[in-house]
1. By how many nm would the segment from Lys95 to Thr29 lengthen if fully extended, with 0.36 nm per residue of separation less the alpha-carbon distance?
2. Given the rule -39500 (n - 2.57) for each run of at least 4 DSSP H residues, summed and divided by the residues of the chain, what is its mean residue ellipticity at 222 nm, to the nearest 500 deg cm²/dmol?
3. What whole-number volume per residue, in cubic angstrom, does the convex hull of the C-alpha atoms of the range 211-315 give?
4. Looking at the chain only, what percent of DSSP beta bridges run antiparallel? Nearest 5 please.
5. Give me the percent relative contact order of the chain, please, defined on Cα pairs under 8 angstrom at least 6 residues apart.
6. Per-residue counts of other Cβ atoms within 10 Å, averaged by peptide: what ranking do you get for 199-205, 398-404, highest first?
7. What figure in square angstrom, to the nearest 10, would you give for the accessible area of Lys470 with a 1.4 Å probe?
8. Taking the Cα atoms of the range 124-183 alone, what are Rg (to one decimal) and Dmax (as a whole number) in Å?
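The values are calculated or read from the model by the stated rules, or taken from the named source; none is laboratory data. Given the structure is predicted, the values throughout are model-derived calculations rather than measurements. Positions of Cβ are generated from backbone atoms using ideal geometry, with glycine treated the same way; all protein chains shown enter the neighbour counts. With ligands, DNA and RNA removed, areas are computed over all heavy atoms of the protein, side chains included. Shrake-Rupley method; radii C 1.70, N 1.55, O 1.52, S 1.80 Å.
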Amino acid sequence: MKQHFIDNRSVAGSSGESIPVIDPSTGETFDQLARGTAADIDVAVQAARRAYDGAWGKLSAAERGRLMLKLSLKILDHHDELTQIESRDCGKPVKQARADVTAVARYFEFYGGAADKLMGETIPYQAGYTVLTLREPHGVTGHIVPWNYPLQIFGRSIGGALAAGNACVVKPAEDACLSILRVAELAAEVGFPAGALNIVTGYGHEAGDALTRHPGIDHISFTGSPRIGVLVTQTAAERHVPVTLELGGKSPQIVFADADLDALVPVAVNAIVQNAGQTCSAGSRLLIERSIYDKLMDRLATAFSALRTGAGSADLDCGPLIRHTQLERVQRFLRDAEAEGIAKVAQGQVADDAPKGGFYQPPTLLGNVPVDHRLAQEEIFGPVLVTIPFDDEADAVRIANATEYGLAASVWTRDGARQLRVARKVRSGQVFINNYGAGGGVELPFGGVKASGHGREKGFEALYAFTVLKTVAIKHD
Ligand code: NAD
């Protein structure tokens, strides 16, 4: 049974109730988690406040950064252990879990190094004044994390917050907490003061909601679905608490006729197969100039047919989905597609030795999906690539912008002027030219527009988001 981690130690939940931990590769329960309550959240927030007012708050920026760098190295020392935990808990192929561990270490490295480089400014003002700005931490920050990349999103969310001097309370997703709990233990081992980083496990409508409502929380970073993002924002607004929202996506990759298809095909496949398509910034819509549509679809069909899905430990192209209800949801989308005559152009295979109880969906390539169809509009969150032909540049931009989302996009063309023209016209938090995702890029500001959210994480932008700017005007003459 895994308990909460508060004040640098395991703390039993107040209710004594638990949540089963299910292995998505087998469907079997292999552990239990504490089912957090409002009382548990309160204990964690009080611990964070004590740390903020005490040992953690008294550290210099350089000392905070040094602790984060130590944690980064400690994570790398435990690379294999964390990889196994993440792979089993989420069903991730081992290589994906390994990449996620590398990424969380990199978050603490980047933000550890940045902690003492966050500075205010002096502002030229009237004679007789000196005006300066201070970047101060919010205080105690709440972090609500989804299940698709628990380690990475945990690191992304708290990296900037800790570096800026906040004390954190994290509510991981009920489906995937184990790696986060282990990293919190490692943080205690490298010397983080008690209460600087606290984890309360539990359901969103219980522990998550209690965190959002708690009067001791000064800022909320929420990563998850647009529906819950709205709820969290409404609740936080009642107390005027700022919120960073990282929500969903239906991200387009726009492929013009002159694109380098040799470079594109593996990137386009990976952009939807990575993490079984359970990626907020998955490249889930491929918009293809009509003159090359059939040629490119032939190549994609060959690639999709060769993909293999199986247990996380089998380390194939694709692992299982996180839970049974997620599999049913993806299968419902595919049944609708079939009923409505949308072509299933190609599909990968589930490996013969994949355990029978696992939540497996083979990668699927759909052809000629109408722009306004729900398959082209809604986030499927599974390994399903929707393809749409377009006629010209204006048509491509129109289709790219024709969803409620705006998280990531890419433009594939050799025409430099077109690259920039289209990048500027697509409404999206990130745009990639002749690549996609840029390998994660801890340094690169990330976030959405429209229903994909607001505020930015990653890069230096996150440090700004996790501080409050105070202007100090001194009259000396
Ligand atoms: P979700 O919104 O159901 O859950 C996300 C988190 O919110 C979980 O920890 C959950 O327990 C918690 N939660 C649920 N109800 C809550 C409530 N009433 N109050 C407070 N917290 C609550 O989303 P999910 O199904 O876990 O994750 C998938 C979604 O997350 C997708 O839409 C995906 O695109 C999005 N996502 C976005 C990003 C990004 O960076 N933009 C990254 C990963 C996932």
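1. Numbers: separation 66, 0.36 × 66 = 23.76 nm, distance 2.32 nm.
My answer for the length gained is 21.4 nm.
2. Values: 16 runs with 185 residues, N = 477.
My calculation for the chain gives -12000 deg cm²/dmol from helical runs alone.
3. Details: hull volume 15.6 nm³, N = 105.
It comes to 149 Å³ per residue, whole-number rounded.
4. DSSP beta bridges in the chain are roughly 45 percent antiparallel.
5. Numbers: 1169 pairs, mean separation 90.5, N = 477.
Relative contact order comes out at 19 percent.
6. Values: 199-205: 23.1, 398-404: 18.4.
The peptides rank, most packed first, as 199-205, 398-404.
7. Near enough 90 Å² of accessible area.
8. Computed over the Cα atoms of the range 124-183, radius of gyration and Dmax are 17.4, 59 Å.
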